[in-house]
Amino acid sequence: MAANILLVEDEPGIQELLKLNLGQAGHKVTAADDAEGALQYLRTALPDVILLDWMLPGMSGIDLCRRLRADKRYQPVPIIMLTARGEEQDRVSGLDTGADDYITKPFSPRELVSRIRAVLRRRAPQMTEEPVEIAGLQLDPSSHRVIGNGKPLELGPTEFRLLHFFMTHPERVYSRSQLLDQVWGDDVFVEERTVDVHIRRLRLALEVSGHDGMVQTVRGAGYRFSAQR
């Protein structure tokens, strides 16, 4: 479950330690020393997780968290607050501001990796290696296999990622631009109509098992994955 992580931490020693340990766990870490550096990075990229220190020079971590949660673009990104403030009221304040989790310093790198895995499981299940099944359609990320009603299905890498996202977010409508951000990545610049091409390919692959009707077009809005006709 490798993730692109934005670490916002102003203490060089802690920053380097976390970069080392998270890198060893398979994650890619980009570090910012303050809120302004974080916002500059976020203008051009969308990480999978944000690790946010409470006490930052200039804008505090809690204020940055509040600002990010007010912006629809960043609302899906899990935020874990890192802080030396362990009082109950501080934890409540951090979570009420929109943080997904709160971890008090000092903490072990193993605990942090576990917390990252937990928020990804809750907020971004397409990032996990857990198998998913809907209406006889099975997808296993670890083996990269898709089986429909007992029949193995052949999908290209983009169609696999698209199906994985759909199956972990069923019954919701996503626009082309949202699918581009979630499946292709925020830093990849391709035409929105590219999504239509891969939707057609995905439907063709699912025809073998009769699951192609689960990828539904919602006129004027985008696409939805649903077992309901």
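Laid out as a table, the results:
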quantity	calculated
Every residue from segment 23-45 that is in a helix (DSSP H, G or I) and farther than 16 Å from MET81 by Cβ	GLY23, GLN24, GLU36, GLY37, LEU39, GLN40, TYR41, LEU42
Test: residue in segment 137-156 that is at pLDDT below 85, of a type in the set (Gly, Ala, Ser), exposed (fewer than 15 other Cβ atoms within 10 Å of the Cβ) and farther than 19 Å from ASP181 by Cα	yes
Every residue from segment 142-176 that is charged (D, E, K, R) and in a strand (DSSP E or B)	ARG145, LYS151
Residue match in segment 179-188 (condition: part of a helix (DSSP H, G or I) and without any contact (Cβ under 8 Å) to a residue 12 or more places away in the chain)	no
Matching entry among GLY37, GLY58, GLY23, GLY98 (being modelled with pLDDT of 90 or more and at positive phi)	GLY58
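The values are calculated or read from the model by the stated rules, or taken from the named source; none is laboratory data. Keep in mind that this is a model prediction, so the values were computed, not measured. Positions of Cβ are backbone-derived with ideal geometry, glycine not excepted, and every protein chain shown enters the neighbour counts.
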